[in-house]
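These notes concern the structure reproduced below.
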Amino acid sequence: MITILYILIGLLILFFCGIVLFGAPYLPTLKKQINVSLELADLEKGQTLLELGCGDGRVLIAAAHLGLNAIGYELNPFLAFVAWARTRRYRRQVKIVIGNYWTKKWPQTDAIFVFLIDKYMKKLDNKCMQYPYKPLKLVSFAFQIPDKTPVQQKDGIYLYKYT
């Protein structure tokens, strides 16, 4: 019994701390930042928001409330399950993808939301520049793309556009 407990604790540590090797640790986005992010994305009903690292699904739920379609990528299987469970009532609008968004092909989308960390922002910029479906909006909470000026910013949220 104690061995199983140690294994479970080890897996939780791996799921929550090991994620930093690929992106950012889980930190929930607050309602105010979600609202500002969706405001900056300026999407219309029926358009699609892609969230890279969807955590517990709160951004996806807010997007669905606005009539948007939303796709969330999450590497942490525990958080992916939480996001899936929280977004089940929006299953026609919200899709959860378990996996590494750096290696998976991104679907066609109108905007991307991220709460990443500084060291990955240039890599994200390069991936967005190579994204085949444009125009594309990138909304980043807290972190800017180095050597790139945001089109708009508000309350620590940065908007970039790719054409």
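The values are calculated or read from the model by the stated rules, or taken from the named source; none is laboratory data. Bear in mind the structure is a predicted one, so any value in this text is a computation, not a measurement. Cβ sites come from the backbone with ideal geometry, for glycine too, and all protein chains shown count toward neighbours.
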Of the residues that sit in region 112-131 and are under 16 Å from the mean Cα position of the chain (by Cα), under 24 Å from Gln47 (Cα atoms) and of a type outside the set (Phe, Trp, Tyr), which one is surrounded by the fewest Cβ atoms within 10 Å (Cβ to Cβ)?
Lys127
Which condition does Lys95 not pass, out of (1) within 27 Å of Gly46 (Cβ to Cβ); (2) in contact with a Lys or Arg (Cβ under 9 Å, 6 or more places away or on another chain), if it passes all the others?
(2)
Sole miss for Leu40 among (1) farther than 24 Å from Thr149 by Cβ; (2) surrounded by 21 or more Cβ atoms within 10 Å (Cβ to Cβ) is condition (1)
Residue that is free of Cβ contacts under 8 Å to residues at least 40 places away in the same chain, basic (Lys, Arg), surrounded by fewer than 13 Cβ atoms within 10 Å (Cβ to Cβ) and within 17 Å of Ala41 (Cα to Cα), where the choices are Lys134, Lys105:
Lys134
Inside region 74-96, the number of residues satisfying the requirement of being surrounded by fewer than 22 Cβ atoms within 10 Å (Cβ to Cβ) and assigned to a strand (DSSP E or B) is 1
Region 10-53: number of residues that are at pLDDT below 60 and of a type in the set (A, V, I, L, M):
7
When you scan region 77-100, do you find a residue that is at pLDDT 95 or above and in contact with a Leu (Cβ under 6 Å, 6 or more places away or on another chain), even just one?
yes
In region 97-139, how many residues are assigned to a helix (DSSP H, G or I) and out of contact with any strand residue (DSSP E or B) (no Cβ under 9 Å at 6 or more places or on another chain)?
7
Selected residue (only one of Ala70, Ala63 is in a helix (DSSP H, G or I), crowded, with 19+ Cβ neighbours inside 10 Å and at pLDDT 95 or above):
Ala63
Taking into account only those residues within region 137-163 that are without any contact (Cβ under 8 Å) to a residue 60 or more places away in the chain, β-branched (Val, Ile, Thr) and under 25 Å from Thr103 (Cα atoms), which is surrounded by the fewest Cβ atoms within 10 Å (Cβ to Cβ)?
Thr163
